[in-house]
Amino acid sequence: MGTDITRVLVLCTGNSCRSVMAEALINDLGGGRYQAWSAGSHPTGSVHPQSIATLKRHGIEPGRPRSKSWSEFTEHSFDLVITVCDQAAGESCPLFHGTPKKLHWSTPDPAKATGTDADIQTAFDSAFRLLRQRVEDLLRACSNQHYGGTQ
């Protein structure tokens, strides 16, 4: 990969939680070597407030994410496309220019969490920790010239 920036698209269904957190994690932890965007197959139209709160609580700058459709990116080229929702591996994905590497990181949806505020925060923290570990694994693997995760 040399000194080139690796372009990453993170896909989910609603683009309100997991993909937003993964985008911020990649951009923050990637040290300028990665540029990530996120999108959804059926975007909710808004980013879940707990996604932003969770990122900030863990010291990750969320930027200004917005829930958007993957159709905004069909004309763009990416080095890597990562799906982060449980259903995404079985969804029809749009075709992207070039030949991006594709990974699937099944991640439970914290937006579906119920219970007390503490229960919901726990669900978001769990998803955050899982995504952070996968991003860190990916960055280590990329430094060894291959990608982590499952296809």
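Here, each number is a calculation from the coordinates, and none is a lab measurement. Model, not experiment: these values are computed from the prediction. Here the Cβ is made from the backbone with ideal geometry for all residues, glycine too, and neighbour counts use every protein chain on show.
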Open item on the list: If I model a spin label as a point 7 Å beyond the Cα along the Cα-Cβ vector, how far apart are those points for HIS42 and ARG57 in nm?
Closed with: 2.8 nm
Open item on the list: With a 10 Å cut-off between alpha carbons and a GNM built on the chain, which of GLY63, GLY31, GLY40 moves the most?
Closed with: GLY31
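Using a Förster distance of 25 angstrom, determine the FRET efficiency expected from the C-beta separation of HIS76 and GLN133, and round it to 0.05.
Numbers: r = 27 Å, r/R0 = 1.09.
Once the sixth-power term is evaluated, E becomes 0.35.
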- [ ] Could you estimate the translational diffusion coefficient of the range 6-143 from the Stokes-Einstein equation, with Rh from the Kirkwood formula over C-alpha pairs, at 25 °C and 0.890 mPa s, in whole µm²/s?
- [x] 166 µm²/s
Open item on the list: Can you tell me what share of the DSSP beta bridges in the chain is antiparallel? A percent to the nearest 5 is fine.
Closed with: 5 percent
Task: Dipole moment magnitude, nearest 20 debye, the chain about Cα centre, only Lys, Arg, Asp, Glu C-beta charged - done: 140 debye
Open item on the list: Over the range 6-143, what is the relative contact order in percent, taking alpha-carbon pairs closer than 8 angstrom and at least six residues apart?
Closed with: 28 percent
Open item on the list: Between the range 1-70 and the range 108-148, what is the separation of their alpha carbon centroids in Å?
Closed with: 12 Å
Open item on the list: Suppose R0 equals 22 Å. What FRET efficiency, 1/(1 + (r/R0)^6) with r the Cβ-Cβ distance, do THR99 and SER69 give to the nearest 0.05?
Closed with: 0.45
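Is the shape of the range 1-80 rounded, prolate or oblate, going by the alpha carbon gyration tensor and its root eigenvalues a ≥ b ≥ c, with a/c under 1.5 for rounded and a/b larger than b/c for prolate?
Details: a/c = 2.83, a/b = 1.14, b/c = 2.49.
Here the range 1-80 falls in the oblate category.
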Open item on the list: Connecting C-alpha atoms closer than 10 Å in a GNM of the chain, tell me which of THR114, THR122, THR13 has the biggest fluctuation.
Closed with: THR114
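If you stretched the chain out fully between SER106 and ARG140, how much longer would it get, using 0.36 nm times the residue separation minus the C-alpha to C-alpha distance?
Numbers: separation 34, 0.36 × 34 = 12.24 nm, distance 1.94 nm.
Full extension of this stretch gives 10.3 nm more.
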